[in-house]
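These notes concern the structure reproduced below.
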Amino acid sequence: MLYRRSYETLLKWKESKTNPRKAICLAGARQTGKTTLIREFAKKNYEYFVEINFVTDNNAAKIFSGSLDADTITANLTAYVRKPMPMGKTLLFLDEIQECPEARTAIKFLVEDGRYDCAESGSLLGIRHKNVKSYPVGYEEIRHIHPMDFSEFMLANGVQDSTIDYLRECFEKRVPVSDSVHSAICRLYYVWLVVGGMPEAVQRYVDRHDIAEVIAYQKDILEQYRLDISKYAEGSGKPKIRAIFDRLPSQLGEKNRRFFVTSVDKNARLQNYEESFKWLEDAGVALPCRNLLQPVLPLSLNEKRSLFKLYMNDTGLLCASYLNNVQFALLNGELGINLGSILENAIAQQLKANGFTLNYFDSKQHGETDFVLQNGSEIMPIEVKSGNDYKKHKALDNLLAVEAWNLKQAYVLCKDNLHTEGKICYLPWYMSVFIRPPQFSEKFIYSVDLSALQ
């Protein structure tokens, strides 16, 4: 199995001391590897495993059609699966749970009962929420699964942990990577731009290195997304969602990457399309990046939501959606101005997988900066450069010059090796895997000394 960082999330969940243990719910777009991940986890960590898929098994929903108390559900489950389900030794996996709203409601009672550990997965949980009568609030941990990021792609292709540790050390110490390693990782990064992070696409590349086979599979996923729009989108929203989805690559190809709703219909108004954009976001298919009024904390309160860029959830799918053959040029490192949108999409995908909310800043006075992230208590501007003129970044210089914003450091992601000049750190594109928000440890104990009040 391909290594996924989310496997560590599942291990932490199983080792947690909460009583009763909440259900773990993996949410994300189709084909991101949710089912495979849970199966592999169950194989290594449980004596007994029961899987119910509500898409492939049309009768499975009947298990939850009656009373939802734990005893009734357990009786129905054991009669249906005809497998032993010993208490404390069984993982119950409800796959594609969005197809059975009653099962989602039943999670609360299964968790309270505590007989089995429960796992769920869903591809369209954000879309089909209206059908769930009662959410198991407080009884499940929802974790979002993204396509494989570049660090996972490196491991899949045989890059050693020690090499990744070396790259991380260079990033943390702000020292250049050795020329040989830098050159090799750059070449692999070009491959990731084309193959992307859908696990099956990655596996096919690792097994046979057949790019044509990978592209054919990616086109199948794109068609599946279109079928999902036809099946799950409601009423008049279907043509709007489909039009946005089909226009996404060409809009990213525009000079400032911004999505203009008039590209869909010259008479269109944003307020009539907001639900359609939200649908694609909730389905995990598109990644919105919203403009900021100004780059100050908290960024969420400074979003100008009417101005945004819309990225594809996976760089490989974006390449496959282009009509012209861009893969050959990318594999040869030809990241000129016409292919800069693919590189920017790849960085957006990586930053999202790292845990950031995506924002950018564009104003007439200062120009446009590709990404502005909230990194703890600091603001982090990022420019993505595809060509040789990566030291030309007027908009970024303008941001750093505003004393009131007190921006301490900025990144320029480029083809060159790591080096620093003043407030700007130039990083090779692949080092975006190490740009992560601060993480609290599992214990975050904080107390206030009130002895003076006694």
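The values are calculated or read from the model by the stated rules, or taken from the named source; none is laboratory data. All values derive from a computational prediction rather than experimental measurement. Using ideal geometry, Cβ is built from the backbone for each residue, glycine included, and neighbour counts are taken over all protein chains shown. For accessibility, only protein heavy atoms count, side chains too; no ligands or nucleic acids. Shrake-Rupley method; radii C 1.70, N 1.55, O 1.52, S 1.80 Å.
A few notes on this one:
- Qualifying residue in the stretch 290-300 (condition: in contact with a Lys or Arg (Cβ under 9 Å, 6 or more places away or on another chain) and surrounded by fewer than 16 Cβ atoms within 10 Å (Cβ to Cβ)): yes
- Filtered by the rule that a residue be without any contact (Cβ under 8 Å) to a residue 60 or more places away in the chain and assigned to a strand (DSSP E or B), the stretch 283-310 gives A286, E303, K304, R305, S306, L307, F308, K309.
- Considering the stretch 149-179, and only residues there that are open to solvent by 70 Å² or more (accessible area, probe 1.4 Å) and polar (S, T, N, Q), the residue that is farthest from G197 (Cα to Cα) turns out to be S162.
- Of the residues making up the stretch 413-429, at least one is under 27 Å from H209 (Cα atoms) and among the aromatic types (F, W, Y).
- Residue check for T32: open to solvent by less than 60 Å² (accessible area, probe 1.4 Å) and among the β-branched types (V, I, T): yes
- Taken over the stretch 410-447, the criterion of being modelled with pLDDT of 95 or more and farther than 30 Å from E334 by Cβ is satisfied by G422, K423.
- Among the conditions (1) within 18 Å of S306 (Cα to Cα); (2) among the aliphatic types (A, V, I, L, M); (3) open to solvent by 20 Å² or more (accessible area, probe 1.4 Å), L280 misses just one, which is (3).
- Qualifying residue in the stretch 345-357 (condition: charged (D, E, K, R), open to solvent by 10 Å² or more (accessible area, probe 1.4 Å), in a helix (DSSP H, G or I) and more than 21 Å from K415 (Cβ to Cβ)): yes
- Residue within the stretch 127-136 that is open to solvent by 40 Å² or more (accessible area, probe 1.4 Å) and either modelled with pLDDT of 95 or more or of a type in the set (A, V, I, L, M, F, W, C) (or both) present: no
- Among the criteria (1) in contact with a Lys or Arg (Cβ under 9 Å, 6 or more places away or on another chain); (2) open to solvent by less than 10 Å² (accessible area, probe 1.4 Å), the one E99 does not fulfil is (2).
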